[in-house]
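The values are calculated or read from the model by the stated rules, or taken from the named source; none is laboratory data. Quick caveat: nothing in here was measured; it's all calculated off a predicted structure. Here the Cβ positions follow ideal geometry from the backbone for every residue, glycine too, while neighbour counts run over all protein chains shown.
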Amino acid sequence: MPVWERPEPQPRAAPVPLSRAKIAAAAVRLADEHGLDGLSVRKLAGALGVGPMRLYDYVANRAEILDLMVDAVYAEIAQAGDGSDWRATVLAIKHRTRGSALRHEWFADLLGGRPHLGPNALAVGESTAAALSQAPGVRGLDELQRALGALNAFMIGALRAEIAERRTARATGTELAAWQSSLGPYLTRMLDTGRYPTVARLVIDGAHLDPGETFARNLETVLNGIT
């Protein structure tokens, strides 16, 4: 039986009361600070002030902890959009998803694998699908599936790319700036050869937007394509 459908264990006299919500919140804090590699049942138990075996009253394994964590993040997203306008609803959900992924970078690492089926994830999926089904260019179930596939593929790629860039910048710091500076003359020489005119236009004349603006523009492009 999935973790969301199993009843909570009966409360018992203990110095530290537990619940699945409390376990999920502590696990999210650990992963926010140390990443998924820094999350284990033992470390989580230590953060909660209990022995590891106490956690197994509530979750069967680490995978169920991840399921609870992911659904806790979807709870942050689930209230986005009121459904009155399909495009505004989709934009609100996706911008809120980006905000949650930037607060909880590990969340992006868990996108694109097995489906997320917790109650909050299903609520976000329902809101997104219901909104997209009202888009002018979406007629019938097949087109809705394709639209959802395109939107989800964009989201996963955009979030992972942005977070990978943030991680690289943190890890390398001044090394990244030095690398970029050292390659600047090379890139200039290569573009001056005239063999890469389109790349040159993008580098020299293209808009250099911040990540939020880039995400917003590209998301609008995807929705324009769907409609």
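Here are a few things to note about the model shown:
- Which numbered condition Asn120 misses (of (1) farther than 30 Å from Arg6 by Cβ; (2) touching a helix residue (DSSP H, G or I) at 6+ places or on another chain (Cβ under 9 Å)): (1)
- Check on Ala135, assigned by TED's automatic domain parsing to the domain that holds Arg98 and outside any helix (DSSP H, G or I): yes
- Candidates Val28, Val59, Val50: the one that is touching a helix residue (DSSP H, G or I) at 6+ places or on another chain (Cβ under 6 Å), outside the structural domain of Arg170 (by TED's automatic domain parsing), in a loop (DSSP other than H, G, I, E, B) and in contact (Cβ under 8 Å) with a residue 12 or more places away in the chain is Val59.
- The sole residue among Thr97, Thr168 that is crowded, with 19+ Cβ neighbours inside 10 Å and in contact with a helix residue (DSSP H, G or I) (Cβ under 8 Å, 6 or more places away or on another chain) is Thr97.
- Test: residue in the stretch 167-180 that is modelled with pLDDT of 85 or more and in the same structural domain as Ile93 (by TED's automatic domain parsing): yes
- The numbered conditions (1) within 23 Å of the chain's Cα centre (by Cα); (2) part of a helix (DSSP H, G or I) are all true for Gly113 except (2).
- Test: residue in the stretch 154-166 that is more than 18 Å from the chain's Cα centre (by Cα) and either at pLDDT below 90 or charged (D, E, K, R) (or both): no
- Residues (in contact with a helix residue (DSSP H, G or I) (Cβ under 7 Å, 6 or more places away or on another chain) and aliphatic (A, V, I, L, M)) located in the stretch 1-24: Val3, Val16, Leu18, Ile23, Ala24
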